[in-house]
1. Going through the stretch 74-100 one residue at a time, which ones are farther than 16 Å from Met27 by Cβ and of a type in the set (Gly, Ala, Ser)?
2. Can you run down the residue pairs with Cβ atoms below 7 Å, 6 or more apart or on separate chains, where the first is in the stretch 19-37 and within 16 Å of Lys68 (Cα to Cα) and the partner is of a type in the set (Asp, Glu) and surrounded by fewer than 16 Cβ atoms within 10 Å (Cβ to Cβ)?
3. Residue by residue through the stretch 98-107, note down the ones that are exposed (fewer than 15 other Cβ atoms within 10 Å of the Cβ) and under 14 Å from the mean Cα position of the chain (by Cα).
4. Of all residues in the stretch 63-80, count the ones that are within 17 Å of Tyr18 (Cβ to Cβ) and surrounded by fewer than 15 Cβ atoms within 10 Å (Cβ to Cβ).
5. Kindly establish whether Val60 is aliphatic (A, V, I, L, M), surrounded by 13 or more Cβ atoms within 10 Å (Cβ to Cβ) and without any contact (Cβ under 8 Å) to a residue 24 or more places away in the chain.
Amino acid sequence: MWFVNFKNRHLSVRSDIYGFGVVLLEMLIGRRAIDASRPSCEHNLIDWARPHLVHNRKLVRILDPRMKGQYSSKTVIKVANLAYQCVSKNPKDRPIMTQVVETLESI
């Protein structure tokens with residue numbers, strides 16, 4: 001899947017990584033990336049979730065309740081950390097796909 005980098009108006013591998021991070025967050029949190037039915041501060045999943053991803057206690061509060069008990073908290077924290085890296089505001093800070101795959105395989 002390719003996403004447009006609106007600043008430079010071109011597609012890139014790093015924007016693909018961002019998109020993958022969005023999908024990971026949708027799965028972890030159980031919400032859509034854009035949801036206008038939520039309060040305005042929660043319309044954009046990434047903007048709303050990003051600050052919660054770096055604090056384990058906050059992370060646990062936003063996880064999809066349907067996941068409860070299916071995965072260890074260590075696993076969820078590792079996946080959330082990976083998603084956080086993938087949706088980094090700075091594309092250069094995002095991992096490359098081989099790193100993403102290696103991380104997922106190790107989990």
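Derivation of every value follows stated rules applied to the coordinates shown; laboratory data play no part. None of the values given here were measured: they were computed from a predicted structure. Don't worry about glycine lacking a Cβ; one is built from the backbone with ideal geometry, like all the others, and counts go over all protein chains shown.
1. Across the stretch 74-100, the qualifying residue is only Ser88.
2. Once the first residue is within 16 Å of Lys68 (Cα to Cα) and sits in the stretch 19-37, its partners that are of a type in the set (Asp, Glu) and surrounded by fewer than 16 Cβ atoms within 10 Å (Cβ to Cβ) give Leu28/Asp64; Ile29/Asp64; Gly30/Asp64.
3. Leu104
4. The first filter runs over the stretch 63-80 and keeps only residues within 17 Å of Tyr18 (Cβ to Cβ), leaving 79-80.
Subsequent filtering for residues that are surrounded by fewer than 15 Cβ atoms within 10 Å (Cβ to Cβ) retains none.
Matching residues across the stretch 63-80 total 0.
5. On the way: aliphatic (A, V, I, L, M): yes; surrounded by 13 or more Cβ atoms within 10 Å (Cβ to Cβ): yes; without any contact (Cβ under 8 Å) to a residue 24 or more places away in the chain: yes.
Taking the combined requirement at face value, the residue satisfies it.
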